[in-house]
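Please treat every number below as a calculation from the coordinates, not as lab data. Everything quoted here is computed from the prediction, not taken from an experiment. Backbone-built Cβ (ideal geometry, glycine too); neighbour counts: all protein chains shown.
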Amino acid sequence: MTDSLASLYPWIKSLHIIAFVAWMAGLFYLPRLFVYHVEQAQVGTDKAQMLETMERKLLKVIMNPAMIVTWICGLLMIGTPGLIDWTAAWPYAKAAAVIAMTWFHMWCGKQRKQLAAGDFSVPGRSYRLMNEVPTLLLIVIVVSVVARPF
């Protein structure tokens, strides 16, 4: 099994990066849709229905599969022998950021359901601020893996 993982590593890593990019694109865009939804759409209007459809499809068709593939490929790479130095701090920093990214993804899913139900209690400003979370986590993940500063 570990020999197979080692030989498939370039393909697993490629798929991991592709899925991660798709996941990040969704995490950047969905909170922006929430801002438009809260600030510009009245409950039950065509605009609200269009935004609800866009939010649902982005989450269900793009973001959820991308997150799952990112996790599966990441776990396969963790299982590849000799790939990670577990005595260093960077794998743990990356893992914490990925877990936080997954929490943010789930938070977005909850917000989508609330907006679809007509709950506009979270203001657009809060969604704008939350939209910065994936950027900060992206920085931690990329620096941890590429520069390995700790």
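Which ³J(HN,Hα) values in Hz, rounded to whole numbers, follow from the phi angles of the range 109-125 under the Karplus curve 6.51 cos²θ - 1.76 cosθ + 1.60, where θ = phi - 60° and Gly and Pro get x?
x, 5, 5, 4, 5, 5, 5, 4, 7, x, 8, 9, 6, 8, x, x, 4
Using the Kirkwood formula on the Cα atoms of the range 2-146, what hydrodynamic radius do you get, in angstrom to one decimal?
Radius from the Kirkwood sum: 16.4 Å.
Taking 21 Å as the cut-off for C-alpha to C-alpha distance, list the pairs among K60/K113; K13/K110; K57/K110 that go past it.
K13/K110
Ranked highest first by average number of other Cβ atoms within 10 Å, how do 24-37, 112-125 line up?
24-37, 112-125
Please report the Cα spread of the range 1-83 along all three principal axes, rounded to whole Å, starting with the longest.
The Cα atoms of the range 1-83 stretch 56, 15, 14 Å along their principal axes.
Can you give the relative contact order of the range 2-146 as a percent, counting alpha carbon pairs under 8 Å and 6+ residues apart?
Details: 125 pairs, mean separation 58.0, N = 145.
40 percent.
Suppose every Lys and Arg Cβ carries +1 and every Asp and Glu Cβ carries -1, with no other charges. What dipole size does the chain come out with about its Cα centre, to the nearest 20 debye?
Charge dipole, the chain, about its Cα centre: 160 debye, nearest 20.
If one computes the Cα centroid of the range 43-71 and of the range 87-150, what distance in Å separates the two points?
Measuring centre to centre over Cα atoms gives 17 Å.
Taking the Cα centre of the range 105-150 as origin and charging only Cβ (+1 Lys, Arg; -1 Asp, Glu), how large is the dipole, in debye to the nearest 20?
With Lys and Arg at +1 and Asp and Glu at -1, about 60 debye.
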